[in-house]
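Novice: Handing you a structure now.
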Amino acid sequence: MGAAIINDLLPYQLIMAKTGKEAVEQTAAYLPDLYIIDLDLPDTDGLSLALALRQIHLAPVILVSAYAEAITLEQVSDTVQNYLAKPLDPDYVAQIIQRTVAGRS
């Protein structure tokens, strides 16, 4: 799901990172309101990254994966507020983002 789709549907500024290292750098610089993290990253897994980012700045996490059976929300409920399986429906993603930012997982 591209940033342009989210920008069209929601009034949030997006900060993109392609690797876990970039995400850590971006988090320290911007202190985001929400993390949307893919489970499969080139340099780390999304769950490890979520834990690391929340040590820098506490914000809700939406984990995304192409492997719906890879993880359940119950397994990571201390770290992840929502979990989305690919392929993603833009309207549903927008709804989940709004609910997560509002604190209603």
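The values are calculated or read from the model by the stated rules, or taken from the named source; none is laboratory data. Remember, predicted model here, so these are calculated numbers, not experimental data. When we count neighbours, we look across all protein chains shown, and the Cβ atoms used for this are built from the backbone with ideal geometry, even at glycine.
Novice: Cβ-Cβ distance below 6 Å, separation of 6 or more or different chains: which pairs start in the range 76-97 with a residue that is under 16 Å from Y35 (Cβ atoms) and end on one that is in a strand (DSSP E or B) and of a type outside the set (S, T, N, Q)?
Specialist: V80/V61; V80/L63; Q81/V61; N82/I62; Y83/L63; L84/V64
Novice: Among the residues of the range 51-63, how many are within 19 Å of R99 (Cα to Cα), surrounded by fewer than 20 Cβ atoms within 10 Å (Cβ to Cβ) and in contact with a helix residue (DSSP H, G or I) (Cβ under 8 Å, 6 or more places away or on another chain)?
Specialist: 1
Novice: Now a separate question. Using beta carbons and a limit of 6 Å, which pairs, at least six apart or on different chains, have the first residue in the range 37-54 and farther than 11 Å from T27 by Cβ and the second one exposed (fewer than 14 other Cβ atoms within 10 Å of the Cβ)?
Specialist: If the second residue must be exposed (fewer than 14 other Cβ atoms within 10 Å of the Cβ), the pairs left are P42/T19; D43/T19.
Novice: Applying the selection to the range 16-43, what residues are buried (at least 17 other Cβ atoms within 10 Å of the Cβ) and of a type in the set (V, I, T)?
Specialist: Hits for the range 16-43 are V24, T27, I36, I37.
Novice: Of all the helices (runs of 4 or more DSSP H) wholly in the range 2-105, which have at least 2 residues that are polar (S, T, N, Q) and at pLDDT 85 or above?
Specialist: Once the helices (runs of 4 or more DSSP H) in the range 2-105 are filtered for at least 2 residues that are polar (S, T, N, Q) and at pLDDT 85 or above, what remains is 20-30, 46-56, 90-101.
Novice: Right, L51: over 11 Å from the mean Cα position of the chain (by Cα) and on the phi > 0 side of the Ramachandran plot or not?
Specialist: no
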